[in-house]
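The values are calculated or read from the model by the stated rules, or taken from the named source; none is laboratory data. Not measured: the values here are computed from a predicted model. Here the Cβ positions follow ideal geometry from the backbone for every residue, glycine too, while neighbour counts run over all protein chains shown.
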Amino acid sequence: MITDTVTAADSGTFTLGDLPVNRVGLGAMRLTGSAPFHLGTPGDRARSIAVLRTAVELGVNHIDTAAFYFSSLRSANELVNTALAPYADGLVIATKVGPFRDQRGEWGTSARPDELRGHVEENLRQLGCDHLDLVYLRRTGQDSIAEHFGALAELREAGLIRHLGISAVAPRHLTEALEIAPVAAVQNRYSLDAAGPEGDELLRMCAERGIAFVPYYAVAGKGGERGAAEARQDEELLAVARAHGASPTQVRIAWTLHRGPHVLAVPGTGDPAHLVQNIAAGALRLTGAEVARLDALRTSGH
């Protein structure tokens with residue numbers, strides 16, 4: 001049985017580029033509201049700030065955010081800045097660029113390569129930083145990422161970015177990016193419900209190259225809603241959870257971490273209780289038989 005007294009350090013560590021992080025971090029998207037990309041009820045500001053501060057107190061040193069994470073009243077980057085600046089040594093803040101939302105929250109066209117500097121500078125301004133630890137290029141359907149990734153590589157050379165990542169990509173995009181500049185992390189959708197052969201291939205490629213693999217929506221349903229996946233839990237998943245005195249969400253986080261020592265989890269929440277549970281999941285050690293049982297859910301089309 002796992003307890004709620006563990007810290008993020010119990011999940012182990014991995015080095016993002018040259019930045020060591022605990023393997024359980026925090027995704028900031030849900031801090032701003034209740035719906036994916038927050039077209040629903042804005043989150044409670046004081047509670048979101050408390051979640052961020054509590055996360056750091058419990059050993060979280062990897063926070064995943066973006067300038068386009070905002071609702072009508074909340075900005076994830078502003079919340080991170082307010083809660084945590086001046087930032088402690090060793091705290092790694094990752095952000096992503098490429099997609100664009102206007103002030104009403106409507107999605108616009110993806111940024112052109114020559115517009116990415118403006119996206120990076122907006123993240124710098126909102127976070128109150130002089131450089132960004134890790135910036136993902138979030139692909140938005142383009143066949144080649146070379147031009148966009150090359151533009152970010154130039155900003156890395158200029159000192160605005162320390163490490164580069166790519167997101168929502170296929171294996172060929174990782175190969176393409178590595179021909180331009182080092183890649184510290186790949187962020188793709190990956191979970192018991194959504195992985196597919198390309199996801200497994202990226203997982204393998206990252207392991208071979210020492211690149212962090214950072215799944216998003218690892219504990220959510222197909223639409224990204226927390227709890228949607230739990231409504232469809234298979235008895236196998238519930239049985240593993242009962243054996244550990246854990247929740248199905250905690251088992252999902254543990255399964256994610258068991259995919260390899262290079263895999264990082266950034267579950268998002270605006271709820272303090274869920275935060276503590278998510279961090280505690282980093283201490284859950286599944287047996288080989290349990291991992292095989294959960295793997296079978298994917299191959300059976302769960």
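What the table shows:
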quantity	calculated
Matching option when the condition is in contact (Cβ under 8 Å) with a residue 24 or more places away in the chain, under 17 Å from the mean Cα position of the chain (by Cα) and on the phi > 0 side of the Ramachandran plot, among G25, G59	G59
Residues located in segment 8-35, provided they are of a type in the set (D, E, K, R) and assigned to a helix (DSSP H, G or I)	D10, R30
Leading residue by the ranking (farthest from L26 (Cα to Cα)) among those in segment 274-302 that are at pLDDT 95 or above and surrounded by fewer than 14 Cβ atoms within 10 Å (Cβ to Cβ)	A289
Qualifying residue in segment 125-147 (condition: over 18 Å from G17 (Cα atoms), among the polar types (S, T, N, Q), surrounded by fewer than 16 Cβ atoms within 10 Å (Cβ to Cβ) and free of Cβ contacts under 8 Å to residues at least 40 places away in the same chain)	yes
Test: residue in segment 84-100 that is on the phi > 0 side of the Ramachandran plot and crowded, with 19+ Cβ neighbours inside 10 Å	yes
Flag if I49 is outside any strand (DSSP E or B) and either at pLDDT 95 or above or of a type in the set (V, I, T) (or both)	yes
All positions within segment 264-297 that are of a type outside the set (A, V, I, L, M, F, W, C) and not in a loop (DSSP other than H, G, I, E, B)	G268, P272, H274, Q277, N278, G282, G288, E290, R293, D295
Residues that are at pLDDT below 95 and in contact with a Pro (Cβ under 9 Å, 6 or more places away or on another chain), drawn from segment 128-146	T140
The listed residue being within 16 Å of the chain's Cα centre (by Cα), outside any helix (DSSP H, G or I), more than 19 Å from T41 (Cα to Cα) and of a type in the set (A, V, I, L, M, F, W, C), out of A94, A88	A94
